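Below is one structure, written out as structure tokens; comments come after it.
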Amino acid sequence: MNAFTAMAWNGFREARRNKVTVVVGAFASVVLLSSTLVTDVTVNTFDRVLTDFGLGTMSLILAFLTIFLSSGLLSREIERRTIFLMVSKPVSRTQFLVARLAGNMLTLAVLVAAMTLIFLSQLLMFGAAITSTQLVAAAGLWFELLVLSSAGILFSSFSGPAVSAICTTGLYFAGHLAGDMYEIAKYSENPLVQTLGRVLYYVLPNLERMNFRPRATYALTVDAGTFLSAAAYGVAWAAIFTAIAVFIFERRDFR
Amino acid sequence: MQPVSPDAPPIQAQGLSKTYKVGFWLNRTVRALQGLDLQVGAGQIYGLLGPNGAGKSTTIKILMNLVRPSGGTARLYGQPVDHAATRRLVGFLPENPSPYDYLTGREFVTLAGHLSGLSGHDLDRRVTEVLGAVEMAGAEKLQIRRYSKGMVQRVALAQALVGRPKLLILDEPTSGLDPLGRRQMRDLILAERDKGTTVLFCSHIIPDVEALCDRLAVLVGGRRVREGSVQELVSAQVPTVEMVVENLKLDQVQQLGVPLESAQALDGRVLLQVSDTNSQRLLGGVLGAGGRVNRVQPARFSLEQLFMDALKESGRATSVGGEINT
Ligand SMILES: Nc1ncnc2c1ncn2[C@@H]1O[C@H](COP(=O)(O)OP(=O)(O)OP(=O)(O)O)[C@@H](O)[C@H]1O
Ligand SMILES: [Mg+2]
């Protein structure tokens, strides 16, 4: 195992031994399963409700878990000085940062996969239809979490865990509303508001672009091109955030 | 990667300075280091001495690329300190080390080994070896959060050694260790020297420094106030002698006309300190006046004397910490 893999793998191991991750993972599974108890099976929109609720639960719980985990990835290491023993080894700070992100994304991939499995088995159990769009929505969620994680890492490269978590939460909501704000601003009479809406739209990642949950709920299809461009969009934003984080992180003092 | 030049000195620093900005507006400054020069040659054991806040840890953090100097340059084996690959040759033990506490001792040292470029059986064997050397083989399967302070210190030393470094940088290596552990740490450092490893360490325990170092520097308030080989520094020192005298009063001793460093009357006895050069005259005088010399001994470790003199000469109101400007 080389240094990068060892660090990334250790991040995954950390998450497995972290009570918060385990508890949240278990909690999400329980919530997913409980939907079957409260939903009236006779409703003819049953498939829709199940998909909507299942994917919605996954995305909300995992988004907040991601905010919690990623906003501490660097800052907690600096606060606890665990970072001294890592960056004093023959690895660059950039490698360390990217390995932390990779470890986090591995953890989130496992969680998304596990919850998707629970969700699908639930669909099977009730004979509801399994569509490719449901899988696309789960994959899209992972790319959304990638953008969130890299934003969390960016904030935690220069501020403490609490401030990073607040900023990342803000970005999460703004990122989902940016598209709406753009639309609303377009109809404004005020050119200033119009410009502001457009600026916000371009400086913030539009997280709705990776959100295929509504399409899954209404059993619409997503063509490969649309999904790939959304994935590329997510990767591009993650790359931008990571590059800025690296720039800051390479230059700062660890005291 | 640039080649690491084999004859470049392990550590070379010129004019290092570090000013920390503190306060909400970053408008107050602490001058932790001011123009420090440091050169450590291959195979040397080099000690950094100095009171609390003298800048020892700051120096070490600059060498390990943890903080950036505000001025000056620092090189390890001829490479700038931000050159990651050079650290392949370096083992580092920070002050109050904090390894990941969710890992066991063995897992942590193995991770450190991977980061140092080891893998496979070689890594396994090396981890067993270093954990044995710090006597942590018995507790290696326990999570680090269950360790005592000294056990953490030992595992942190093991992770510094795992990559077979040619240069060891140790910030207060014996802190938190029991007496046996301190002894073992000294033996370990000497064993590393025999293998040709260069060692830079700082410590407050003067006997350790005296027993281990070839050279040393004394820092006070971020400046180097003494530097040299231990031999040179100690022999340049005028040692003092402590004497306990009976049957004579304090003023009778003072009337002998021998310059005294200090004199103190205890019930029926007089406690004297005198420089080594005057000690024979004082002995003769006391005996001639009918006094009885109860005890004669070197007053302090001569290195401790050197340390105290260096503090006094620095002319600062307090020896602790760097200059604070508001
Ligand atoms: N993070 C920091 N922020 C502000 N000032 C700092 C910081 N770290 C150290 N200093 C200041 O730098 C000076 C030197 O500190 P340093 O830790 O290098 O001392 P030291 O010689 O290692 O002391 P000790 O023997 O107590 O470990 C001190 O005056 C201290 O106040
Ligand atoms: Mg210190």
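The values are calculated or read from the model by the stated rules, or taken from the named source; none is laboratory data. From a predicted model like this one, the values you see are computed outputs, not experimental measurements. Quick reminder, even Gly has a Cβ in these numbers, built from the backbone with ideal geometry, and neighbours come from all protein chains shown. Heads up: the accessible areas ignore ligands, DNA and RNA and are worked out on the full protein's heavy atoms, side chains in. Shrake-Rupley method; radii C 1.70, N 1.55, O 1.52, S 1.80 Å.
The table below gives the values:
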item: The protein assembly as shown - percent of accessible surface contributed by carbon and sulfur, probe 1.4 Å; result: 58
item: Out-of-range pairs (alpha-carbon distance over 27 Å; input A:Lys89/B:Lys149; B:Lys195/B:Lys312; A:Lys89/B:Lys312; B:Lys21/B:Lys61); result: B:Lys195/B:Lys312; A:Lys89/B:Lys312
item: Pairwise FRET efficiency - B:Gln252 versus A:Arg80, Cβ, R0 = 51 Å, nearest 0.05; result: 0.20
item: Listed residues B:Lys56, A:Lys186, A:Lys19 arranged by accessible area, highest first, probe 1.4 Å; result: A:Lys19, A:Lys186, B:Lys56
item: Three-way shape label, the stretch B:240-298, alpha-carbon gyration tensor, a/c 1.5; result: rounded
item: Neighbourhood net charge (11 Å Cβ-Cβ; Lys/Arg +1, Asp/Glu -1) for A:Ala128; result: 0
item: For the stretch B:11-234, share of DSSP beta bridges that run antiparallel, in % to the nearest 5; result: 60
item: Average accessible surface area per residue within chain A, 1.4 Å rolling probe, Å²; result: 45
item: Whole-angstrom gap from the stretch B:59-123 to the stretch A:180-195, using each part's C-alpha centre; result: 52
item: Members of the stretch B:64-104 that become less accessible by 50 Å² or more once partner protein chains are added (1.4 angstrom probe, chain alone as reference); result: B:Leu66, B:Arg68, B:Arg87, B:Ser98, B:Tyr100, B:Tyr102
item: Prolate/oblate/rounded label for the stretch A:3-250 (Cα gyration tensor, a/c 1.5); result: oblate
item: Beta bridge orientation in the protein assembly as shown: antiparallel %, DSSP, nearest 5; result: 70
item: Assigned charges on the beta-carbon of Lys, Arg, Asp, Glu; the stretch A:22-149 dipole about Cα centre (debye); result: 680
item: Gyration tensor verdict on the stretch B:113-215 (Cα atoms; rounded if a/c is under 1.5, prolate if a/b is larger than b/c, oblate otherwise); result: oblate
item: Listed residues B:Leu212, B:Leu170, B:Ala84: farthest to the positive end of the dipole of the protein assembly as shown (Cβ charges); result: B:Leu212
item: Estimated dipole of the stretch B:11-234 in Debye, rounded to 20 [Cβ of Lys and Arg +1, of Asp and Glu -1, Cα centre]; result: 640
item: Chain B, helix-only ellipticity at 222 nm - DSSP H runs n ≥ 4, -39,500 (n - 2.57), divided by all residues, nearest 500; result: -9500 deg cm²/dmol
item: Computed label-point distance, nm, for sites A:Phe173 and B:Ala211 using a 7 Å Cα→Cβ extension; result: 6.2
item: By accessible area with a 1.4 Å probe, ligands and nucleic acids excluded, highest first: order of A:Leu50, B:Leu311; result: B:Leu311, A:Leu50
item: Chymotrypsin sites (Phe, Trp or Tyr not before Pro) restricted to the stretch B:11-51 and DSSP loop, no more than 11 other C-beta within 10 Å; result: B:Phe24, B:Trp25
item: Inter-label distance for B:Arg164 and B:Asp187, nm, one decimal - labels placed 7 Å from Cα along Cα-to-Cβ; result: 2.3
item: Value of relative contact order over the stretch B:240-298, rounded to a whole percent, pairs C-alpha under 8 Å and six or more apart; result: 50
item: Cα centre as origin, Lys/Arg/Asp/Glu Cβ charges: chain A dipole, Debye; result: 1020
item: Contact order relative to length of chain B, as percent, for alpha carbon pairs under 8 angstrom and 6 or more apart; result: 22
